[in-house]
Amino acid sequence: MEKPGEIEEETEFLKKVWLRHLKKPARRVLDIASGDSPHGQILAREGMRVVGIDRSPTMIAAGKKGSRDLAGVSFYRREINKFSVPERPFDVAFFMSETFPVLISNDDLLSHLHSVGRLLRRGGLYCIDIDKMDRIRMVRDRKRWQRRKVRTPEAIVDVNTYDRPFPWYSATQSIFELECQIKFHGRPTQIVTTRDVIPIRYTVPQLLELAAKASQMFEMIAVYTDLSLVTSLDQCDRRWLGVLERV
Ligand SMILES: C[S@@+](CC[C@H](N)C(=O)[O-])C[C@H]1O[C@@H](n2cnc3c(N)ncnc32)[C@H](O)[C@@H]1O
């Protein structure tokens, strides 16, 4: 769903952040909720060793296929809230594509930071990309948010998204429901419907700073916005990147 060139731009920005905050060049990279690790594949082409973790076997299979000509990429199927992998310490970890706020409970948030922290060397960096949340999407009843049609070589997919209600005290920004109705070409009577319900935690820099401190493994050393080293939080349009240092 990224725009053309977006992954490349994000990867370049990560490298700028590492250059600014690391004393030694990054060689070993951990990609959290990597999917097929599009950023990792670019970094591996530049000679870095990349490990992706993700819970989706489909995305991992796509990642293995996309990186089969690359020596330095491997994947582990793991949940992000608590995990370990049999690997030497990494110089950097990153969590791209605004998925971090699916860590809803304080326990999951802290055990996630402990899991990443145990895999990073001291002084290593954990960069977390998060959407700007300037509005809590509180609704009284389930309400349609977006609608679109996606065409693939195998099928046409009607995609509907909804906002769902949640209690005011839950620290939630929204509960996002994604419904896909998949109509395969040549099988007009067979419609497959999938439904994912994804609560999103209201996540702002102050929360990440507090979680980093509470983990006793990280300190938040910088916040950048919109893939810029100079744009202030006040001027932030779309997204921000929290930079945590392993203490
Ligand atoms: C939006 S994709 C991003 C993939 C990749 N980082 C990118 O930038 O293209 C989010 C990924 O997070 C993974 N994911 C979501 N929740 C997860 C969880 N609890 N444990 C492990 N992976 C998870 C999904 O399987 C999916 O591949």
**Item:** Point-charge dipole on Cβ atoms (K/R +1, D/E -1) for the chain, about Cα centre, debye to 20
**Value:** 480 debye
**Asked** Classify segment 194-235: rounded, prolate or oblate, from the alpha-carbon gyration tensor (a ≥ b ≥ c, eigenvalue square roots; a/c under 1.5 rounded; otherwise prolate if a/b is larger than b/c)?
**Response** oblate
**Whole-Hz ³J(HN,Hα) from phi, Karplus 6.51 cos²θ - 1.76 cosθ + 1.60, for segment 137-145, glycine and proline x** = 8, 7, 10, 7, 10, 3, 9, 5, 10
**Complete:** DSSP beta bridges in the chain: the antiparallel percent, rounded to 5, is 70 percent
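For segment 92-247, what is the per residue volume of the convex hull drawn over the alpha-carbon atoms, in cubic angstrom?
151 Å³
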**Request:** Between Thr152 and Glu79, take the C-beta separation as r, use R0 = 41 Å, and let me know the FRET efficiency to the nearest 0.05.
**Result:** 0.90
**Item:** Solvent-accessible area, 1.4 Å probe, carbon plus sulfur percent, for segment 128-217
**Value:** 53 percent
**Prompt:** How many angstrom separate the Cα center of segment 160-210 from the Cα center of segment 104-157?
**Reply:** 10 Å
**Message:** Over segment 1-50, what is the relative contact order in percent, taking alpha-carbon pairs closer than 8 angstrom and at least six residues apart?
**Reply:** 37 percent
**Asked** What is the total of Lys pairs in the chain with C-alpha atoms under 14 Å apart, excluding same-chain pairs fewer than 8 positions apart?
**Response** 4
**Request:** Counting helices only, and only those DSSP H runs with n ≥ 4, report the 222 nm mean residue ellipticity of the chain as the sum of -39,500 (n - 2.57) divided by its residues, in deg cm²/dmol to the nearest 500.
**Result:** -7500 deg cm²/dmol
**Prompt:** What's the center-to-center distance, using Cα atoms, between segment 222-247 and segment 21-57 in Å?
**Reply:** 20 Å
**Item:** Net charge contributed by nearby residues that have their C-beta within less than 14 Å of Tyr162 (K/R +1, D/E -1)
**Value:** +3
**Prompt:** Once you list every other residue whose beta carbon is under 15 Å from the beta carbon of Asn106, what net charge do they have if Lys and Arg are +1 and Asp and Glu are -1?
**Reply:** 0
**Message:** Just want to confirm a number: the relative contact order over segment 93-247, from Cα pairs under 8 angstrom separated by 6+ residues, in percent.
**Reply:** 26 percent
**Message:** Taking 2.2 N^0.38 Å as the expected size of a compact globular protein, what ratio does the Cα radius of gyration of segment 1-54 give against it, to two decimals?
**Reply:** 1.12
**Asked** Remind me, relative contact order of segment 155-247 in percent, using alpha carbon pairs under 8 angstrom and six or more residues apart?
**Response** 20 percent
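The values are calculated or read from the model by the stated rules, or taken from the named source; none is laboratory data. Model, not experiment: these values are computed from the prediction. All Cβ positions, glycine included, derive from the backbone under ideal geometry; neighbour counts span all protein chains shown. Each accessible area value is taken on the protein alone, full model and side chains, heavy atoms only, with ligands, DNA and RNA left out. Shrake-Rupley method; radii C 1.70, N 1.55, O 1.52, S 1.80 Å.
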